[in-house]
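The structure appears right after this line, and notes come after that.
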Amino acid sequence: MKIKVLILFASLCFVSTFSYADAVRDANRLLRVTNLGNRFELMALDQTRKIIRTYSSIVNMSVAIALPQNLKNSIAACYAEVYAWEQFEPGIVQILAENLTQKEIRLLIDFYSDRGLPPMEIDTFKNTVAKAQEIELSSIEYIFNNSDSCVERDAELINDFLAAQNLNNLEYIRLE
């Protein structure tokens, strides 16, 4: 009897592992079809530009000096490294695989591949879309928990640059 239970348990684990592996494979495919990696990196690049523009504005308004391009490039390099899609992709795949059924993932793949929706799957699609906010929040939390900050390094680079300009009696950028 114990052997039968053990075999049944092992076979359930084996099927479950295959099922999860299929979900992970399909979640990876969904990310490719939606081009999420490229969209993520474009958003990160846009955010980096805004951060550098803000730093430049603060320095220019404070001490009337423009940040040199090499300093801006150093700041941008940190964000490019910290927010590289490759660092987050496995976690996002896992979030998708854990929150969507394989049927839902495949339905989204078909939808984003312009294959349309079968009428009998409209309710499934609506239920899938209803999960979007939960998946988005989980993804944001994952990215936040698995990314470093460039702010301290940015402030150090900017302060070093300002110090090299021999600006006396000025308060440099402080982290508060």
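The values are calculated or read from the model by the stated rules, or taken from the named source; none is laboratory data. On a predicted model such as this, the values are computed, not experimentally measured, just so you know. Using ideal geometry, Cβ is built from the backbone for each residue, glycine included, and neighbour counts are taken over all protein chains shown. For the accessible areas, the whole protein counts, side chains as well, though only heavy atoms, and no ligand, DNA or RNA atoms are used. Shrake-Rupley method; radii C 1.70, N 1.55, O 1.52, S 1.80 Å.
Residue-wise test of (1) exposed (fewer than 14 other Cβ atoms within 10 Å of the Cβ); (2) modelled with pLDDT under 95.
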{"residue": "Thr17", "(1), (2)": "yes, yes"}
{"residue": "Val24", "(1), (2)": "no, yes"}
{"residue": "Tyr79", "(1), (2)": "no, no"}
{"residue": "Ala84", "(1), (2)": "no, no"}
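A count restricted to the range 34-70 and to residues that are assigned to a helix (DSSP H, G or I), open to solvent by less than 50 Å² (accessible area, probe 1.4 Å) and in contact (Cβ under 8 Å) with a residue 60 or more places away in the chain stands at 5. Being hydrophobic (A, V, I, L, M, F, W, C) and in contact (Cβ under 8 Å) with a residue 24 or more places away in the chain is the filter here; which residues of the range 107-145 pass it? Selection gives Leu108, Ile109, Ile135, Ile143. Scoring Val93 on the criteria (1) free of Cβ contacts under 8 Å to residues at least 60 places away in the same chain; (2) under 15 Å from the mean Cα position of the chain (by Cα) leaves a single failure, condition (1). Of all residues in the range 113-126, those being surrounded by 12 or more Cβ atoms within 10 Å (Cβ to Cβ) and outside any loop (DSSP other than H, G, I, E, B) number 3.
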